Amino acid sequence: MFHYLFKTTDNAGNPAYSVDELNAEAMLLIIAGSDTTSTTLSGFWFYLTRHPRVYSKLVEEIRTTFKSADDIQTGPALTSCKYLQACVNETLRLSPAGLSELARDVLPGGLDIEGQHIPEGTHVGVATWVMMHHEECYGDPWVYRPERWIPDSVTGVTAEDVAKAQSSFNPFTIGQGKCAGQKLAMGELLITTAKTLHRMDVRLAPGDTLGAGALELGWGMRRKDHITLKDAYIAVRDGPIVQFRRRTT
């Protein structure tokens with residue numbers, strides 16, 4: 001059993017943290033690595049089961065790289081699975097666990113952004129969802145296309161294309177608010193999806209539309225091939241319903 005000690009008062013005996021600050025930290029401990037990862041996994045299965053070409057290509061990479069699911073662990077072999085990494089990146093782009101902006105306060109003296117002066121004390125930020133759907137960086141931002149992350153003359157994706165996509169890709173945020181568990185989270189996603197696809201065949205449950213957009217849902221949620229997410233600091237979502245069957249070959 002692990003025991004954690006927190007300093008609750010300063011040297012003068014005053015509370016070191018306010019109740020709101022402690023509640024915020026407790027919330028982060030609860031959701032970090034749980035709700036965030038589950039949201040990404042939901043998006044992963046949503047898109048993968050709707051794109052048979054991607055599914056077949058990914059399954060082949062995983063099952064030819066590893067003899068058994070037990071061999072799948074952090075290391076060079078897993079790192080060599082470029083298409084798996086691309087599929088996870090594309091999922092993080094299209095269904096980011098944190099949708100909204102992490103606002104910053106403008107420091108004394110103000111800040112100039114695109115010719116506009118922002119006074120000090122103003123909260124500024126850019127929503128993750130917006131960055132991940134930046135048309136200038138992705139060209140076809142609403143399309144699930146893992147190939148965009150791999151330079152390849154066959155697909156026509158250049159190193160410059162990948163660099164442009166990366167320039168707007170910050171699923172774990174940057175700066176002081178950057179996720180401290182980024183590497184752990186990526187390892188968790190890669191290993192979980194790879195082991196599952198090595199052991200199991202996966203398909204979308206026939207007729208399932210849970211979590212998908214629909215015309216009657218209104219603006220921003222009309223695309224049936226796009227997962228719908230609601231912002232509650234960490235994304236809230238429904239579905240998809242998928243079926244798993246142990247491999248026989």
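The values are calculated or read from the model by the stated rules, or taken from the named source; none is laboratory data. Because the structure is a prediction, the values reported are computed rather than measured. Glycine gets a Cβ as well: all are built from the backbone with ideal geometry, and neighbour counts include every protein chain shown. Side chains are part of the model used for accessible areas, which takes the heavy atoms of the whole protein and leaves out ligands, DNA and RNA. Shrake-Rupley method; radii C 1.70, N 1.55, O 1.52, S 1.80 Å.
Here are some notes:
- Total charge dipole magnitude, segment 58-133, about the Cα centre, Cβ charges on Lys, Arg, Asp, Glu only, Debye to nearest 20: 280 debye
- Sorted largest first by accessible area at a 1.4 angstrom probe radius, with every protein chain in place, the residues TRP149, TRP129 fall in the order TRP129, TRP149.
- Estimated Rh, segment 86-171: Kirkwood, alpha-carbon pairs, angstrom: 14.4 Å
- A cut-off under 12 angstrom between Cβ atoms defines the neighbours of HIS134, and their net charge, with Lys, Arg +1 and Asp, Glu -1, is -1.
- Here the Karplus relation 6.51 cos²θ - 1.76 cosθ + 1.60, evaluated at θ = phi - 60°, turns the backbone of segment 67-79 into coupling constants of 6, 9, 5, 5, 7, 7, 7, 4, x, x, 4, 5, 4 Hz, with x for every Gly and Pro.
- Entry for segment 33-181 at q = 0.17 Å⁻¹: log10 I(q)/I(0) = -1.09, Debye formula applied to identical alpha-carbon scatterers, no solvent contribution.
- Among the protein heavy atoms, those of ARG237 account for about 70 Å² of accessible surface (1.4 Å probe, every chain in place).
- Alpha-carbon centroids, segment 100-170 and segment 44-90: separation in whole Å: 26 Å
- In Å, descending, principal axis extents of the Cα set of segment 184-230: 37, 28, 12
- Pairs of lysines in segment 99-230 (C-alpha under 26 Å apart; 8 or more residues apart or interchain): 5
- A probe of 1.4 angstrom, applied to the heavy atoms of all protein chains, finds ARG199 with accessible area near 100 square angstrom.
- Accessible surface of HIS198 - all protein chains present, 1.4 Å probe, nearest 10 Å²: 10 Å²
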